[in-house]
1. If A12 satisfies all but one of (1) of a type in the set (G, A, S); (2) in a loop (DSSP other than H, G, I, E, B); (3) more than 18 Å from the chain's Cα centre (by Cα), what's the number of the condition it fails?
2. Within the range 230-243, which residues are over 15 Å from the mean Cα position of the chain (by Cα) and buried (at least 16 other Cβ atoms within 10 Å of the Cβ)?
3. Given the criterion of a type outside the set (A, V, I, L, M), in contact with a helix residue (DSSP H, G or I) (Cβ under 6 Å, 6 or more places away or on another chain) and within 26 Å of R85 (Cβ to Cβ), identify the matching residue among P228, P195, P277, P172.
4. Just give me the residues in the range 246-267 being of a type in the set (D, E, K, R) and surrounded by fewer than 18 Cβ atoms within 10 Å (Cβ to Cβ), in sequence order.
5. Hey, could you check the range 98-144 for residues that are of a type in the set (K, R) and part of a helix (DSSP H, G or I) and say which is nearest to D20 (Cα to Cα)?
6. Restricting the search to the range 157-191, which residues are among the β-branched types (V, I, T), assigned to a loop (DSSP other than H, G, I, E, B) and surrounded by 12 or more Cβ atoms within 10 Å (Cβ to Cβ)?
7. Out of all the residues in the range 212-223, is one or more out of contact with any strand residue (DSSP E or B) (no Cβ under 9 Å at 6 or more places or on another chain) and touching a residue at least 40 places away in the same chain (Cβ under 8 Å)?
8. Tell me, which residue of the range 66-92 that is without any contact (Cβ under 8 Å) to a residue 60 or more places away in the chain, part of a loop (DSSP other than H, G, I, E, B) and out of contact with any helix residue (DSSP H, G or I) (no Cβ under 6 Å at 6 or more places or on another chain) is farthest from D163 (Cα to Cα)?
Amino acid sequence: MNREQAERIELARERLAGADRVIIGGGAGLSAAAGLTYSGERFTQNFADFIRKYGMTDMYSAGFYPFRTQEEKWAYWSRHIVCNRWDPPALPLYRALQAFAAGRDCFVVTTNVDAQFEKAGFAPERVFAVQGDYGKLQCARGCHDALYDDEALVREMAAAQKDCRIPSSLVPKCPVCGGEMEVNIRKDAFFVQDPAWYGAAARCDDFFGRAAKGKTVLLELGVGFNTPTIIRFPFERMAYRCPGVTLIRLNMSEPEGAPENAEKTLSFPEDMAGILPALLA
């Protein structure tokens, strides 16, 4: 660790220690740093048969594959959900965040759909998972706003599949309209925002309103430009408008912030797995 890096870490620690409130913004880079990578060895070990059959290159792009049948689609998605939502325990990086947040006035807004904040022990009323949850199913056409836990079903699908297909008897159907079902993740205009989603959105707005008036740290972790309007741009806007706000950004590929916020932003392009525990210590 060089002197400049050590000084940045120490300044970030001071800002975090002196904050009245902390808003944690968790993006895909956070889960990747924690170990939930969507490419490389983890992908090839878990999806070798899908790679051979469909030429898939990673779990992210595979999520957009135009499967011809529901049996093929749910063979892939059941394994994807088990691999990324149900099997992984609370990972060390998320546990470190929870240990830091305990006893502090913190709120989490995240685009991740793997429920790692929940698994790590964050209070549900302090988390807004804007983009949904791999652990829930919904009507593919959004005919009603109920969500359905999917663990038992996707585990059965993953265990029963052969040649990248599940038995037709396991294909889920909407209990209201009889149509197809989807994972509750935001990917089209039919994404279901249920009453719990709206409740979390209201609590998030309330926390942001209170945080804007005091000494607040925006701890932005692995947020890029895939969906910047959810975390990255609101954080930049809040840092610009609110005198007591500091933005701490951890991002290996896109650490730079708006020039207007240069004096209020601490950027860390280093590997988050090593830097974040040092900031939270």
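The values are calculated or read from the model by the stated rules, or taken from the named source; none is laboratory data. Not measured: the values here are computed from a predicted model. With ideal geometry, Cβ positions are generated from the backbone for all residues, glycine too; neighbour counts draw on all protein chains shown.
1. Only one criterion is unmet by A12, namely (2).
2. Correct list: P234, F235, E236, M238, A239, C242.
3. Working: P228 fails: in contact with a helix residue (DSSP H, G or I) (Cβ under 6 Å, 6 or more places away or on another chain); P195 fails: in contact with a helix residue (DSSP H, G or I) (Cβ under 6 Å, 6 or more places away or on another chain); P172 fails: in contact with a helix residue (DSSP H, G or I) (Cβ under 6 Å, 6 or more places away or on another chain).
Result of the check over P228, P195, P277, P172: P277.
4. Of the range 246-267, the ones of a type in the set (D, E, K, R) are 249, 254, 256, 260, 263-264.
Residues satisfying the conditions are E254, E256, E260, E263.
5. If we take residues in the range 98-144 being of a type in the set (K, R) and part of a helix (DSSP H, G or I), then R126 is nearest to D20 (Cα to Cα).
6. Of everything in the range 157-191, those that are among the β-branched types (V, I, T), assigned to a loop (DSSP other than H, G, I, E, B) and surrounded by 12 or more Cβ atoms within 10 Å (Cβ to Cβ) turn out to be I166, V171.
7. So in the range 212-223, the residues out of contact with any strand residue (DSSP E or B) (no Cβ under 9 Å at 6 or more places or on another chain) come out as 213.
Checking the rest, the ones that are also touching a residue at least 40 places away in the same chain (Cβ under 8 Å) come to none.
No.
8. Checked the range 66-92; the qualifying residue farthest from D163 (Cα to Cα) is P89.
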